[in-house]
Amino acid sequence: VGEAVAAHERGCLVLSSPVGDGKTSGAAWRAYHARGPVVWLDAARVGQCRQEQQHAQWLAQCRTADLVVLDDLGAPGSFGTYETPRVVAILTALAARPERSIVTTNQVREVFLRVYDGITKPRPGEPAQQLPEGRLTDRLRARPNRWVDLPPGAESRRAQAEPPPDGLPPREQRAQEYVRAAGA
């Protein structure tokens, strides 16, 4: 995850692996080091959003942010008859933007094809277990975009995680001191 995220400079990076492999942490690291505005979207929240104005605002933000993260694609609430089109609209916007964006998912590509591309049958003459590339999947793999299937870790990294250190990182500490001084 670290290598893929650190090397990511343009387009949409899709990180696909089992639960607990550090995808969200890698996206957070990239967001912390972004040069401009960051938009962090939870896929379930996008799918369940009932307000057209909010969804339109997210799409507009996707066009102007330095980095957009769509986290936890495939989580309950990010797919279904009503939810899938909302999430697909965001994914399509991310696939089209030249600036950096990151999508994290626990879904393997075949499940993504079924859920978000609507591909359920192989093309005539292809093996039954091999699904063709869908429109959205193809765009998410076209340069400068990349789809990275990460190898599963032996155990969830959450189980091995150390508690965070006391105090804030230096940049946040300076910001907090500034806000307190301005408030005083």
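Computed from the coordinates by the stated procedures, all read-outs in this text should not be read as laboratory data. If you're wondering where the values come from, they're calculated on a predicted model, not measured in any experiment. Counting neighbours? That spans all protein chains shown, and the Cβs are built from the backbone with ideal geometry, glycine included.
Once the C-beta distance of TRP29 and THR84 is scaled by a Förster radius of 25 Å, the resulting FRET efficiency is 0.30 to the nearest 0.05. So, with +1 on the Cβ of K and R and -1 on the Cβ of D and E, and no other charges, what is the size of the charge dipole of segment 1-126 about its Cα centre, to the nearest 20 debye? Result for segment 1-126 is approximately 220 debye, rounded to the nearest 20.
Between TRP40 and VAL19, the contour length at 0.36 nm per residue exceeds the Cα-Cα span by 5.7 nm.
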